[in-house]
Each structure stands twice: as C-alpha cells, then as structure tokens.
Amino acid sequence: MDLTNVLLKVGGVTLVTRLTSLLRDILIASVYGANQSTDAFYISTRVPNMLRRASSDGAFNQAFLPLLTQYDVSDPEDARRFAGCTVGAMTAALCCAAVACGLCASWVTGAISPDLARASVCSFGRAVYMLRAALPYSVATSIGSVLAGALNAHRCYAVPAFAPTLLNVTFAAVVTVVTATTRAPIYSLPWALVLGSAAQCAAYYPALRSTRAMPTDTWSAFLPGAHAGVRRVLRRMIPGLVTMAAIQAVLLINTNRVSSMGEGLVSSLCYADKLLEFSTGLYGGSLGSILLPSLSRSWASGDCAGYATLMDWGLSIVALASAPLALLFTLLPELPTASSFHYGRFDAHTVKMVARPLAAYGPGMLGMLLSRTLSQGLYARHDVSTPVLASLLCILLSQYAGRLMLLPMGHAGLAMGSSIGAMLNAALLLRSLSSQGAYAITPRHWASLCARISASAAVAGTILSAIARSVDWVGMSVRPMHRVCLAASVIAAFVSAYAVILWGMGLRMQGMREASCAASNSSVEQYNSHCAPSKSER
C-alpha cells in the first residue's frame, strides 16, 4: 500500500472540511468582529467543546475503535450491539452533564470569566443564554463520533471525513439568514451549531444502512446487564480523559486571564487558534488516521524495522510540511490574518491583536505536529501512560512560561508558552521511544534532512519577506478580492520556491514513498502470517 497516495486522498477530503470551517470563522469575524459579543460567544462554547472533546476526540476514539474492530471480526452482530450500547451510554452521560451545566450556567460562566459580569451585565447574560443553547451541540457531535467509528471499522472513510462539512455549511446558512432577518443575530450562533451537528449526525445514517453497520439495542445500555465492552471503553478512556481535562482546564484558565486584559482579546486569541488549527488539523488529522493503524500492524507483527521506517516516514512528512507554514506564521502573520478575517466589522486593530499570538504559535507548530506523530507511535505499542505524563508535564511548563511572558508580550505570551510546551513534549516523547528501544532517529538521515529543510526555508523565507513586506495587507481592505488573490499567489510562490530548492538539493519523495510502501506491505504480510494459525484453529 502506498501510504503517500492514501495520505493525499484523505488530506484532500480533510482540506474541504477545513476550508469550510475557516469560511465559517471568516463569516463570524466579518459579521461580528472581535468585541464583548463575540467574547461572550466564545466563552459560552468553552464548556460544550470541553464535553465534546472529552467524549468524542482522541480519548474516546483510541478506546472505542480497537474494541469495535475486535468485536466486528468475531461477531458483526455483537459489534452492532456494542456500538448501540455505547451510543446509549454516551447519550445518557452527556445529557446528565448538559442538564447539570444548564442549571448552573450562571456559575459556570462566572467561573470561566468573572470579569465579564463586572464589565457588562448584558454581555454576561448573553453568554449564559448561549451556553445553555449550545449544550445540545456537544451531545449531537459525540453521538456522531460513535457512528463515524462504526463506519471506519467497516473501512468507510469518506463519509466521516466529509460529514463535518455539513456542520460548517449549515452553520453558515443559518447565520446568513438570521443576520438578514433579525435585530440580534448574535443569539443565532449556538443554535446554528446545534442544527449543524444534527445535520452531521443525519449524514451518517444512509452510509450506516448501506454498510450494515447500524448500531442496535441502544436502550439496553440502561439495563443492568449492559454490554461488557462499554465498561472496557470507560476504563481505557481514563488516561486520555486525564490529559483532556488538564488541557481544558488550561483553556479555561487562559480564557479567564485574557478576558481580564481587555475587550475582544478572547476573540482575538480564538481567531489565532483557528488559523493554527487549520494547518495542524490538516496535517495532523490526516496523517494520524493513516499512521496509527499501520504502526499498530507493524508492532503487532513484530516488524520492528517496518515500525521504525513508518515512524521515519511520518516524522519526515511532518517536518517537510510544517516548516514553510511555521515560517509564514512567524515572519508574516498579517498575511493570513488579514486575507482571512479583515472584512466587515473585523478592523485593523483586531488584525494586529490576532497576528501577535499567531506569530508566537509559529515556532511551536513543528513541536505540536511532532508530538502528535510521536504519540501515535506510543499508542500503537499500547503505551498510553507515557503521552499522558509528558502532556501533563508540558502543560505545567507552558503555563509557567506563558505567565512569565504575559507582561512583556500581552496575550501573545500565552501562545508562546504553548509553543515552548509543545517543543518539550516532542522531545520527551522521542526520548521515551528511544529509551524503550522502539525507535531512534538515524543521525545521518536526519542531519541531511534538517540541513536541506533549513537551507530551503531560509532562502524561501527571504524571498517571502522581500515580496510580502512591501505590501500593506491591512490597507488593501478596500480591494478584498485583489488581496485574496495576491495572498494566494505569494503563498503559492513561497511554497513552490521551498519545494524547488529542496528538489535541487537532492531530496526526492520517491525514496520516502518506496520505503513507506515496503514497510507497510511487509507488516501486512507478517501480520497475516502471524494470525494465520489462530484463524485456522477457529
């Protein structure tokens, strides 16, 4: 199997989803800007996003998908019952959490941002209302994660990768219609999220029926003799939930700090996060969905050489892809910020407030993506505790560093603290893999690769700075389409120059493609031969 071609296909679908998500954020920025109203909206979505990520993101997927695959191999009907019981248990737990959070919405909002109530009673009331309205969004998206897992277990990847696009499109349509017909359109934002998540869930059902993966016996999750797999999922989720809870606690603390520093800063930091997530999600999400199964297969078959080759391939892809974007964010953050958000009520001052943390995120982007890839290597070896411990340690460091830099750098200091923590996290994970004897970098290969990347990035970055700094990206707001086309041309020229210089220095993707393909095929053959006796005995 050519993993590079698979990565390009999955990345293409993911790119569509990320683009629609970015367009959704552009719509919010142009219609509402960055002020107390948008601060109230982003504060109100902290808790629903925390519930969604705790239940549907990494911690749940790493516990649910392997078990679902195991049940599906032995008994497909039992796998459907397991998926149904998981849907029922998750729905019950999230509904209870949502009801409790809705009853305590005033206290929760005040805990997240105590300065919001002192600054504006109206904005605080708006945040409380939007928090209550957005809670069903976390329930719907978490149910959708179970349905997406059932489809992935049946090798149906296109629908789960594309379904979030429906959420973004529905959100944009609702906001556009409500903005044109009501006087207070800001209140429509949480309801647009709820409707979009419902549309996303509905998109899974036709595919589930066609693949015969529809979950059954959902209500049996509430009976005393519920499926034993649900309890196994809960036990396996605990380490991931600890890390997720720590990350969300940090987000709440940072929101509290930034909200006390001035109006619109919470929104500014969120817009910078959106641009960062567009890049890290595109590469990290696409690569992770491919790399983890391949690494697991290599490790299960005892193919240590194939495991190391796949790790080299994944880390090399991350290094090659993240270097130009990290350089762009660091050297010229105004270019992506202005061309993406500087429309309507998103003024020039807000562009500067978003560009500052985006520039601080640039150096840590490589560490963030390397940490994701190295964590996949540990998860493939069924080592969950090491990434958790490393993440907790780096969270403490990032908070300490961010607090030190808060005074000289303002709200961008928190972003710089996150970048420092991400680089340390990558170093700790690499050291753990090396100490366990699972993977060690090849000095000659990585010295050559890093030298080529550094030289290419330096030359291309000089060209980028010379061209792009001569343009007033904020002043071009009177010609927005011309600015978008110019920004796209500059970025394309920058990436092309980077790729051409790499090619001129002797780097060929064909060698990496052949190595990953050989490692993947070798692990499949060894895994099948290893499993053949047990299958014949059955």
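The values are calculated or read from the model by the stated rules, or taken from the named source; none is laboratory data. Predicted, not measured: the structure shown is a model, and the values here were computed from it. Quick reminder, even Gly has a Cβ in these numbers, built from the backbone with ideal geometry, and neighbours come from all protein chains shown.
Tallying residues that are loosely packed, with under 11 Cβ neighbours inside 10 Å and at pLDDT 85 or above within the stretch 435-464 yields 1. Only one of the numbered conditions (1) buried (at least 21 other Cβ atoms within 10 Å of the Cβ); (2) at pLDDT below 80; (3) under 26 Å from the mean Cα position of the chain (by Cα) is not met by A79, and that is (3). Looking at the stretch 260-281, which of the residues that are assigned to a loop (DSSP other than H, G, I, E, B) and of a type outside the set (S, T, N, Q) is nearest to L358 (Cα to Cα)? The qualifying residue nearest to L358 (Cα to Cα) is G264. Scanning the stretch 285-297 turns up one or more residues that are modelled with pLDDT under 70, over 17 Å from S322 (Cα atoms) and either among the hydroxyl-bearing types (S, T, Y) or not in a helix (DSSP H, G or I) (or both).
For first residues located in the stretch 289-311 and free of Cβ contacts under 8 Å to residues at least 24 places away in the same chain and within 13 Å of L374 (Cα to Cα), partners that are of a type in the set (K, R) and surrounded by 24 or more Cβ atoms within 10 Å (Cβ to Cβ) and lie 6+ apart or on another chain with Cβ distances below 9 Å do not occur. For L8, indicate whether it is modelled with pLDDT of 80 or more and part of a helix (DSSP H, G or I). Against the criterion (modelled with pLDDT of 80 or more and part of a helix (DSSP H, G or I)), L8 does not qualify.
Residues checked against (1) out of contact with any Asp or Glu (no Cβ under 8 Å at 6 or more places or on another chain); (2) over 26 Å from V354 (Cα atoms); (3) not in a helix (DSSP H, G or I):
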site	(1), (2), (3)
I395	yes, no, no
L404	yes, no, no
L407	yes, no, no
G413	yes, no, no
A422	yes, no, no
N425	yes, no, no
R431	yes, yes, no
G437	yes, yes, yes
A447	yes, yes, no
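Does the stretch 297-311 contain at least one residue that is surrounded by fewer than 20 Cβ atoms within 10 Å (Cβ to Cβ) and within 19 Å of the chain's Cα centre (by Cα)? No, because not a single residue in the stretch 297-311 is surrounded by fewer than 20 Cβ atoms within 10 Å (Cβ to Cβ) and within 19 Å of the chain's Cα centre (by Cα).
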